[in-house]
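Let me begin by handing over the structure; questions about it come next.
The values are calculated or read from the model by the stated rules, or taken from the named source; none is laboratory data. Being a predicted model, the structure only gives us computed values, none of them experimental. Positions of Cβ are generated from backbone atoms using ideal geometry, with glycine treated the same way; all protein chains shown enter the neighbour counts.
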Amino acid sequence: MTASQPQRVEVTPKSLTGLKDTRGESIRRQLSSDHGLEISEVRSITGYLVKGNFNETHHEKMISDLFCDPIIEHGVVNQHILNDSNIFSQKPDAAIQIGFKPGVTDNAAQAGLDGLKTLFPSQSIDAEVSTTMTYTFYGLPDNVDCQWLANQLHNPMIERAIISDKSSCANNQWPSLDFPEPPVNIFGKPATIDLEVEDDTLIEISEKGLLALNLEEMQTIQAHFRNPTVRATREKVGLPPMAPTDVELECLAQTWSEHCKHKIFSAKIHHVDTETGEDSYIDSLFKTHIMKPTFDIAKKVDWLLSLFHDNSGVIEWNPDWSLCIKAETHNSPSALDPFGGAMTGIVGVNRDILGTGLGARPIANTDVFCFGPPNYEGEIPEGLFHPNRVFRGVHAGVRSGGNESGIPTVNGAMVFEERYLGKPLVYCGTVGIMPRRLADGRESHDKTPSPGDVIYMVGGRVGSDGIHGATFSSLELTEESPSSAVQIGDPITQKKMVDMLLKARDDGLLQVTTDNGAGGLSSSIGEMAELTGGAKVDLSQVPLKQVGLSSWEILVSESQERMTVGVRPEECQEFEKLASLHEVEATAVGTFTDSGDFHILHGEHTVALLPIEFLHDGVPQLQLESEWIPPTNEEPSYPDVNATEMGGVLSRLLARPNIASKEWWVRSYDHEVIAQTVIKPFCGVNHDAPGDAAVIAPIHGETQGAVISCGIIPRYSDIDTYAMVAGCIDEAVRNAVCVGVDLDRMAGLDNFCWPDSVESEKTPDGRYKLAQLVRANRALDDVCRAYQLPCISGKDSMKNDVIMNGEKISVPPTLLFTLLGNHEDVRKAVSSDFKNSGDIIYLLGQSHQELGASELVTMFRDECGGGIGGKVPAIDTTRNLALYRDLTAAMRQELVVSAHDCSDGGFAVALAEACFGADTGCSVDISEIFSDNNGLDKWGMLFGESLGRILVSVKAEQSAEFEAAMVSNACFRLGEVGVGDEISISLSGETILEASMSALKQSWQATLDGGGA
Amino acid sequence: MVEIPQVAVLTGFGINCDLETMAVFEMAGAKAHRIHINSLVNGDDSLENYHIMAIPGGFSFGDHLGSGRLLGNRLRFGIREQVRQFVKDGKPVIGICNGFQVLVKMGLLPGDDDVSLQQTASLTLNDSGHYEDRWVSLEFNSNSPCIWTKGLSRMRTPVRHGEGKFVVPDQSVLDQFEQQQQIVARYIDPSDKYPSASNELLSYPLCPNASMRNIAGVCDPSGLVFGLMPHPEANHSKWLGATWTREEIGDDWKGEGMAVFENGVRYAKENL
């Protein structure tokens, strides 16, 4: 057994000329930037608590070869480094130590343990490590409450903090956390749940158990256990014949959760439209408006390989390679623990790619966030974090998860809106690549399991973390939301597993693979068992993080970094050898069968026996009511402004968080690992202008590319979700067109995040919200058909509501549309920045008086009240597509030197951003545009967000050829890229907007500057 | 004379630039092999089968306990003599980004004549306090014995790190490295006239991490072992440049970064 007292290691940076305590300094700057709190100095001490068979003889090696970098750090064992006056000559005003709570993933500790095993193989067999971080504060203002300070530095849901205040510090009483001992789990035998009870009690069972099952679903389960054949079979295997075990009920709850079964998208909807008089039934929005259009398109093209049924959708990219894409949301966990929630989001969606077909390699990430306003000054309901803190945490989680996994983050967006205060939306997407065929001839997008294949669980172990994630995300967030649903990802364990499984795939060792996400083993094995017609699993074989977990906990735990794979019995030895080389845990836990049952044992005892058909197809269809009554919104009011003041309007618009530069945040994502990123998040002479879509060339040295773009405009939902969805899709396509996408090979992803839209006491406006969903789906259907843009995968998250202290905050209906397209030759890709003075500027596409819910009127509303108007941009897919085709052809002839889409903030914002890229101004005349469009005024022209518009520039000597190429489209020559700092826009001989580019750029860059160097 | 040099590109434990590092060596005319470090430790394979060793970028062990530290220990304690022999045999070694951090933490860089694997310098957190991905300009020391940078003057590459600040305990150590021409690559302001590399610390973000004396890369006294924080392999083709859409590019799309790998491969061909 391990020695009783852990060894305490403490490490702190040396003070050398030119060397800072950067961790402490970062905290100091953050407190200053977020709270205006000025502290003269913050220092940091990293602590390690080491349990194991160690004594004084090991200390020196432990310090100098492992925990402490002898060049730049001091380290001590079993002493307080704060007592060493050579290192800490001054007593701090406060010292705060942060450590994890028991059972929370501590990645640094795991790394430390690995290091101990390298240095001391024999002492480390039972070793355990945990880490702490201590901050010491100097020049802390007297009025600062240390508890408040500690709260800014830790999240009590996952971390512990202890404080030494000024007097404790003066007395050398230093904070010193104990080793976080997890509580002892007592293994409980499976319980039997009696369902022969009143309906009220059925609901109570569901609610108390966090099962998220409604009455009808509970009754369906009740009915299953009344079936005499079922009872007879159960008796034979030694199960209670007339009632489910807790294992079975949990397994059904996970499998039938909204999260896994998409019950609202599958519901039968009675839809009434008070505007048109429509009164109709829709049998599944998903089948009607998402699957059907895609399958209709699939009849006409031959490159759609895998649609809807796998962890991601797959397209053929060329004869040698396929591409796949998936996006997920991780909203509820990110609200409770922004860092861990977002990190598990990104590494989770990476596993969807790894679990597609026989395994794809993740090659690009996308991140789209919706937060409350970063400068929000109103009340924050108790239990929620300030949006700024959510932002920092989510960003850090995605940065850490993506960067450490070696996957570039190439595209994304950030949206700020008050209604995201409750639940932030954290969309994480991943693109994968897989060989079209494996060496043995199998197509790698197909799974090929047979009965008899051995089921392996690979990667991390199962713990009590992450229990009830799937059902929890199917409920609104409340004070009672369980902390067990929150986890921290471990990218390195996952990276080792990715390397190993892709090698196993290439060696032909995998027959089937899927990830363990929502619902854990229950879902992963349950889903794959459908392919062979059954599975038999022994939970006692599953490796655990801590002993004593009950059967149902092992089955549904969503502990991260795990895949489930199927391997032929004769290839198991080779598979296990590969796992051992990569130091990846791979454990056989069962076999696939064709028995028709999901048969779960714990040791010798059967603990669950559920027919596969009942498990997957037994959930009853919801019947829902939808009613559309068009909303009325007050018209906005526009101020009287001269040209300079109009420049001021543009400047304020550029400073809005939705439009402002995100460079400070995005630059800390690795967007170039894999050495394939052609069009990056940044472009322009100073590398700081915004790119539109990403272009990657994933095969090194080859010039075929892939385009990744997205569209998101939740503002429009307040007027019409049809327009919102149409706008999103057009934005994604427009962005892709700007870089030169191949319009004949594009695929889409729809990610819906909706507020609860089932009418109930909690949601009296459920019919309206459901009608919003119906209209959104109809737009998706219409626009995807028109653009021949099949949705190949997607996801919905339908309960984005928070109820805290009786107050409900619901997100606005939000769609993220992600596009993955082909690029024929990346050497012809186009970026958004203007290139050289003298180049000719054109606006392509028609401008209409469509300011409804635009960023401009939202700004006026925020500044001085007024409405958001009613005329939201409408889509004309025929006109837009014709323009996109002609522009794409012109790009292939290399006639276009820049292209930037007009979206948030409209034409004027696009013009300013293209100028930022050239570090120059310009002078344009927009008179011609007015001749073409009735009813347009200067506000609509400058800041309206009409769809289908792209701002391009062309070399003067190629302008005639370009104009000829665009002759069938709306194409307006506006002027030239200029020199100097002035931007001016004139109309009928009068200057209506003038501004200094450098001033505009400053306001654009200042809003979201995260602080620091 | 080696016709096609065989390159061991190490992988495992969070190394993640292995595929592009293999690609650039193949583009430069070598044969690249992806070698899991454990297969060198367990004896399935040996470094003696290869002519060049490359430790690619990545996030080995999540950078916990200091970037490169734990992977450096795996090499220092797991295959110590193999590594020493490889260097003593006069075979080239390159470490990029996390690979550079590994070489520094295990003491192979800046190193010494005996290949004693004693750490004498370190790489620590950027002064900015955060990880970042941005393009920088490098200038190479034309008097350096480094075989990887022969004939190179300047190069544009991305840096992608949070711990790239090169530090030593005492400035005299740097003087000594400088005297031995071991300071191979420095961050510079591309608008300054060549040569402009200097000891005067450049402002952020020209020197992205506040590295002492703007150091971006160093070699060992022999010039065979080279490590740098920036990623030359990420500029293997001109379409990967930060501003390539603003430049007139003829038919030659080979990126500036390739010269480093071509130098290494040429050296192996001519000397091994």
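For residue A:80, only one of the following conditions fails: (1) touching a helix residue (DSSP H, G or I) at 6+ places or on another chain (Cβ under 9 Å); (2) away from chain B (no Cβ under 12 Å). What is its number?
Here residue A:80 clears every test but (1).
Now a separate question. Residue B:238 is checked against (1) touching a Phe, Trp or Tyr at 6+ places or on another chain (Cβ under 6 Å); (2) more than 10 Å from chain A (Cβ to nearest Cβ) and fails just one. What number does that condition carry?
(2)
Something else: What are the pairs, 6+ residues apart or on separate chains, where a residue within segment A:275-296 that is modelled with pLDDT of 95 or more and surrounded by fewer than 16 Cβ atoms within 10 Å (Cβ to Cβ) has its Cβ under 9 Å from a residue that is charged (D, E, K, R) and not in a helix (DSSP H, G or I)?
Listed pairs, sorted by first residue: A:279/A:273; A:280/A:273; A:281/A:268; A:283/A:268.
Here is a follow-up. Condition first: in a helix (DSSP H, G or I), in contact with a strand residue (DSSP E or B) (Cβ under 6 Å, 6 or more places away or on another chain) and more than 16 Å from residue A:883 (Cβ to Cβ). Now tell me which residues in segment A:939-975 satisfy that.
Within segment A:939-975, A:956, A:959 qualify.
Continuing with the same structure: Please specify each residue of segment B:75-106 satisfying the condition of being touching a residue at least 12 places away in the same chain (Cβ under 8 Å) and of a type in the set (Phe, Trp, Tyr).
Residues satisfying the conditions are B:86, B:100.
Can you tell me which residues in segment A:3-18 are in contact with a helix residue (DSSP H, G or I) (Cβ under 9 Å, 6 or more places away or on another chain) and surrounded by 19 or more Cβ atoms within 10 Å (Cβ to Cβ)?
A:7, A:9, A:10, A:11, A:12, A:13, listed by residue number.
Still on this structure, please answer the following. Could you please give the count of residues in segment A:683-696 that are farther than 13 Å from residue A:739 by Cα and either touching a Ser or Thr at 6+ places or on another chain (Cβ under 6 Å) or aliphatic (A, V, I, L, M) (or both)?
Qualifying residue count for the region: 2.
Something else: Need the failing condition index for residue A:414 against (1) in a strand (DSSP E or B); (2) in contact with a Ser or Thr (Cβ under 9 Å, 6 or more places away or on another chain), just the number.
All conditions pass for residue A:414, except number (2).
Has segment A:853-871 got at least one residue that is within 14 Å of chain B (Cβ to nearest Cβ) and at pLDDT 95 or above?
The answer is no; no qualifying residue exists.
Please determine, by comparing only the residues of segment B:55-109 that are in a helix (DSSP H, G or I) and at positive phi, which one is farthest from the other protein chains (Cβ to nearest Cβ).
Taking the candidates together, the pick is B:63.
Pairs please, first residue from segment B:13-35 and within 21 Å of residue B:68 (Cα to Cα), second anywhere and among the polar types (S, T, N, Q), Cβ atoms under 6 Å, 6+ apart in sequence or on different chains.
Once the first residue is within 21 Å of residue B:68 (Cα to Cα) and sits in segment B:13-35, its partners that are among the polar types (S, T, N, Q) give B:13/B:60; B:14/B:60; B:15/B:60; B:18/B:11; B:34/B:11.
Scan segment A:984-1004 and report the pairs whose first residue is without any contact (Cβ under 8 Å) to a residue 60 or more places away in the chain and whose second residue is among the basic types (Lys, Arg) and exposed (fewer than 15 other Cβ atoms within 10 Å of the Cβ), with Cβ atoms within less than 9 Å and a gap of 6+ or a chain change.
Sorted first by the residue in segment A:984-1004, then by its partner, the list stays empty.
State whether the residues of segment B:63-77 include one that is under 21 Å from residue B:30 (Cβ atoms) and surrounded by fewer than 24 Cβ atoms within 10 Å (Cβ to Cβ).
Within segment B:63-77, none of the residues are under 21 Å from residue B:30 (Cβ atoms) and surrounded by fewer than 24 Cβ atoms within 10 Å (Cβ to Cβ).
Can you report the number of residues in segment A:294-331 which are in a helix (DSSP H, G or I) and within 22 Å of residue A:364 (Cα to Cα)?
Qualifying residue count for the region: 1.
Then there's this: How many residues, within segment A:960-984, are closer than 15 Å to residue A:942 by Cβ and either in contact with a helix residue (DSSP H, G or I) (Cβ under 7 Å, 6 or more places away or on another chain) or surrounded by fewer than 16 Cβ atoms within 10 Å (Cβ to Cβ) (or both)?
Residues flagged as closer than 15 Å to residue A:942 by Cβ and either in contact with a helix residue (DSSP H, G or I) (Cβ under 7 Å, 6 or more places away or on another chain) or surrounded by fewer than 16 Cβ atoms within 10 Å (Cβ to Cβ) (or both) within segment A:960-984 amount to 2.
Given the conditions (1) surrounded by 23 or more Cβ atoms within 10 Å (Cβ to Cβ); (2) away from every other protein chain (no Cβ under 12 Å); (3) in a helix (DSSP H, G or I), which single one is not true for residue B:24?
All conditions pass for residue B:24, except number (2).
Listed residues A:719, A:713; which is more than 24 Å from the chain's Cα centre (by Cα), over 17 Å from residue A:820 (Cβ atoms) and among the β-branched types (Val, Ile, Thr)?
Matching residue, one of A:719, A:713: A:719.
Sticking with this structure for a sec: Just the residues that are at the interface with another protein chain (Cβ under 7 Å from one of its Cβ atoms) and either farther than 23 Å from residue A:734 by Cα or touching a residue at least 24 places away in the same chain (Cβ under 8 Å) (or both), please, taken from segment A:684-704.
A:685, A:697, A:700, A:701
Counting just the residues of segment B:113-138 that are touching a residue at least 24 places away in the same chain (Cβ under 8 Å), more than 14 Å from chain A (Cβ to nearest Cβ) and more than 17 Å from the chain's Cα centre (by Cα), which one comes out nearest to residue A:680 (Cα to Cα)?
Among them, the one singled out is B:115.
Could I ask something else about it? Return the only residue of A:709, A:760 being in contact (Cβ under 8 Å) with a residue 24 or more places away in the chain and outside any helix (DSSP H, G or I).
A:709 is the lone residue from the list that is in contact (Cβ under 8 Å) with a residue 24 or more places away in the chain and outside any helix (DSSP H, G or I).
Tell me, yes or no, whether segment A:128-138 has at least one residue that is more than 35 Å from the chain's Cα centre (by Cα), farther than 26 Å from residue A:59 by Cα and either without any contact (Cβ under 8 Å) to a residue 40 or more places away in the chain or surrounded by fewer than 20 Cβ atoms within 10 Å (Cβ to Cβ) (or both).
The answer is yes, given that some residue of segment A:128-138 is more than 35 Å from the chain's Cα centre (by Cα), farther than 26 Å from residue A:59 by Cα and either without any contact (Cβ under 8 Å) to a residue 40 or more places away in the chain or surrounded by fewer than 20 Cβ atoms within 10 Å (Cβ to Cβ) (or both).
To continue, here is another question. Does segment A:26-33 contain any residue that is in contact with an Asp or Glu (Cβ under 7 Å, 6 or more places away or on another chain), within 14 Å of another protein chain (Cβ to nearest Cβ), in contact (Cβ under 8 Å) with a residue 40 or more places away in the chain and part of a helix (DSSP H, G or I)?
yes
Looking only at segment B:252-271, filter to residues that are part of a loop (DSSP other than H, G, I, E, B) and more than 10 Å from every other protein chain (Cβ to nearest Cβ); which one of those is nearest to the chain's Cα centre (by Cα)?
B:256
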